[in-house]
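See structure below.
We did not get these values from a lab; they are worked out from the coordinates using the rules stated. Since we're looking at a predicted model, the values are computed, not measured. Backbone-built Cβ (ideal geometry, glycine too); neighbour counts: all protein chains shown.
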Amino acid sequence: MEQAPSELTRLPGHELATLIAAGDVSSVEATQAHLDRIAAVDGEIHAFLHVNGGALEQAKAIDERRASGEQLHALAGAPVAIKDVLCTIGMPSTSGSRILEGWVPPYDATVVARLKAAGLVALGKTNMDEFAMGSSTEHSAYGPTRNPWDTERIPGGSGGGSAAAVAAFEAPFALGSDTGGSIRQPAAVTGTVGVKPTYGGVSRYGAIALASSLDQVGPVTRTVLDSALIHDVIGGHDPHDSTSLKREWPSFTAAAREGAASGSLAGLKVGVVKELDSEGIAADVQARFKETVQVLTDAGAEVVEVSCPSFAYSVAAYYLILPAEASSNLARFDSVRFGLRVEQQGQTVEDVMAASREAGFGPEVKRRIILGTYALSAGYYDAYYGSAQKVRTLIQRDFDAAFEQADLLISPAAPTTAFKIGEKIDDPLAMYVNDITTIPANLAGIPGMGLPMGLGDDGLPVGLQLLAPMFEDARLYRAGATIEALLADGWGGILTTKAPELAGGAA
Amino acid sequence: MSEITREDVQHLAGLARIALTDDEVTSLTAELSQIVDAIATVREVAGDDIPATSHPVPMANVLREDVVGETLTHEQAFAGAPSHDGERFRVTAILGEEQ
């Protein structure tokens, strides 16, 4: 089968991987097509901080192994983009920060090692808010990423680079990390799919830590099946991460295939979270959500309303717990073992540390470190950090009660469509409340998925969020694939195929 | 309104080892007061009878066998270091003159 290179980049990841596995397309061709696409459009989008100079060589090695008759993983030879929060041997890993500019880690994150072992080819490292602190990718020390649907607008954050890369057809698969919505919210505003796995389901080893009790690495793709394929590769117990769960996980790929094939949601009880469908949610997002609920009902789901009253306090609790953990985690940037050092003659090591951190951290990082230091300081600890941890218990209880009434919870994935670059950058609080829909899942540790549910009044993507009980990630993939198929039927294709062509990408 | 002063921010920055500029102290003093006001609501709901949750999946004492695993070589460990002598990381003076 002959495919024009530009067509290869339009294919969903699983279709591209199938062509490569069948020998119809080589990994070199697939990789080259995506490198060409990056060269053509990334000047506009700025999804990548680093493009892997060794990608073609790695692709060639996979082609040779296949040619020699070796049995390879189903995704072997397919290209993947990697969020810069993840450590990669041979590629700089900066977490979007000046303090790690040019730093090349001596080891791979476990998720990266697993992708490599499966034969996926890294295209490069994607842009992000510095240390994953943000919802717009504007806090990257290396400049913002632009939303492929409208380059004046944000691609979400912190993983705006990965979401924009898959939305702009620069990569079929990508990895993200989700601490308060950094996979699901970018998915929502770019019309793509992203999954935050159950806490502990995917190793955090080699993911530069933001808030260790909240962070999870997960897939970023254009289809639910593609996310499932990546999740199956990266998931499972890792002895390098002491919070990694020792469990046998079902095949998420099988769950997604079943879901897509069934076309029915009969027997599924779906809970609409009352608190996430009201205040602060834009009218057009609410309208798409109502229509989606109707689609679910028509497909046989039983839709009930559930109430999670403590969610009202989730943003407040999150912005105490996250800065507290982040201020501790970021203490490792001490100008001694790695990263930037700024020094003058005669200074003590502490002066050098303070000068290096002042020069290396951006404003949002400083803000959150100072806030976290405040929340943990004597006299305030119980009132703020202690109370926030109690709220975390209340949110878990809300979820427990909700999941007694429903198999799956749904809400809009983000309160609005993509806002304009610069619109909220000077108002930290306005940026923080943007995460209201996604934060509760991180506080409770449960899995969540963001997937497209249509376009807003401005013609920009609107995202749906699915939430499942702890360990029930497969439920997200099964229902998510069914919902995706039902909605795509109505649209005449998945949503990303409707995105406007980029200037640099015109054939 | 939270009473966060310039001196508070300077003290916190000292604890966090960040040499903030005067302008940064000014803007952070205002922002921090606003943010703390917004997040102080957590104190409204959490009664004494509610236990704290520090971690989504309770786990304790995750240990491994006490055997030598794969570790970095000196060369790997120093590859990203701002300064080293091949065996140790090199830093500037640990103690100031007054100490």
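Here are the numbers:
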read-out	value
Cα-based convex hull volume of region A:74-176 per residue, rounded to whole Å³	82 Å³
Under Karplus coefficients 6.51, -1.76 and 1.60, residue-wise ³J(HN,Hα) of region A:32-37 in Hz, glycine/proline x	4, 4, 6, 4, 5, 5
Amide N proximity, region A:126-148 versus residue A:420 label position 7 Å along Cα-to-Cβ, cut-off under 16 Å	A:147
In region A:192-279, GluC sites (Glu not before Pro) in a DSSP loop with at most 12 other beta-carbon atoms within 10 Å	A:248, A:279
Note, ³J(HN,Hα) from phi for region A:451-468, Karplus 6.51, -1.76, 1.60, rounded to Hz, x at Gly and Pro	8, x, 10, x, 10, x, 4, 8, x, 9, x, 10, x, 9, 10, 10, 10, 10
Directionally averaged projected area (convex hull, Cα atoms, region B:6-45), nm²	3.0 nm²
Chain A - share of DSSP beta bridges that are antiparallel (%, nearest 5)	65 percent
Whole-Hz ³J(HN,Hα) from phi, Karplus 6.51 cos²θ - 1.76 cosθ + 1.60, for region A:96-101, glycine and proline x	x, 10, 5, 5, 10, 3
Nitroxide proxy distance, nm - points 7 Å out along Cα→Cβ at residue A:294 and residue A:6	3.7 nm
Residues of type lysines that residue A:196 reaches as a straight line, Cα spacing below 17 Å, ignoring anything fewer than 8 places off in the same chain	A:83
Kirkwood hydrodynamic radius of region B:48-99, from inverse mean 1/r over distinct Cα pairs, in Å	16.5 Å
Cleavage-rule hits (GluC sites (Glu not before Pro)) in region B:1-39: DSSP loop, at most 10 neighbouring Cβ within 10 angstrom	B:3
Descending principal axes extents, region A:248-401, alpha-carbon based, whole Å	73, 37, 37
Neighbour cut-off at most 14 other Cβ (10 Å), DSSP loop, trypsin sites (Lys or Arg not before Pro), region A:228-332	A:246, A:247
Amide hydrogen neighbours beyond the local backbone of residue A:270, cut-off 5 Å, H modeled	A:302, A:303, A:304, A:407
Three-way shape call for region B:1-69 based on the alpha-carbon gyration tensor, with the a/c threshold at 1.5	oblate
Residues of region A:468-507 with amide N under 15 Å of a point placed 7 Å along Cα→Cβ from residue A:258	A:472-483
Value of relative contact order over region A:133-182, rounded to a whole percent, pairs C-alpha under 8 Å and six or more apart	31 percent
Cβ-Cβ FRET estimate between residue B:87 and residue B:22, R0 fixed at 25 Å, reported to 0.05	0.05
Compactness index (Cα Rg / 2.2 N^0.38 Å), region A:414-497	1.26
Over 48 Å [Cα-Cα, the protein assembly as shown], rounded percent	9 percent
Residue A:429/residue A:44 FRET efficiency (R0 41 Å; Cβ-Cβ; nearest 0.05)	0.85
Separation in nanometres of the label points that stand 7 Å from Cα toward Cβ, at residue A:331 and residue A:359	2.4 nm
Amide H contacts of residue A:50 (H built 1.01 Å from N, under 5 Å, at least 5 apart or other chain)	A:125
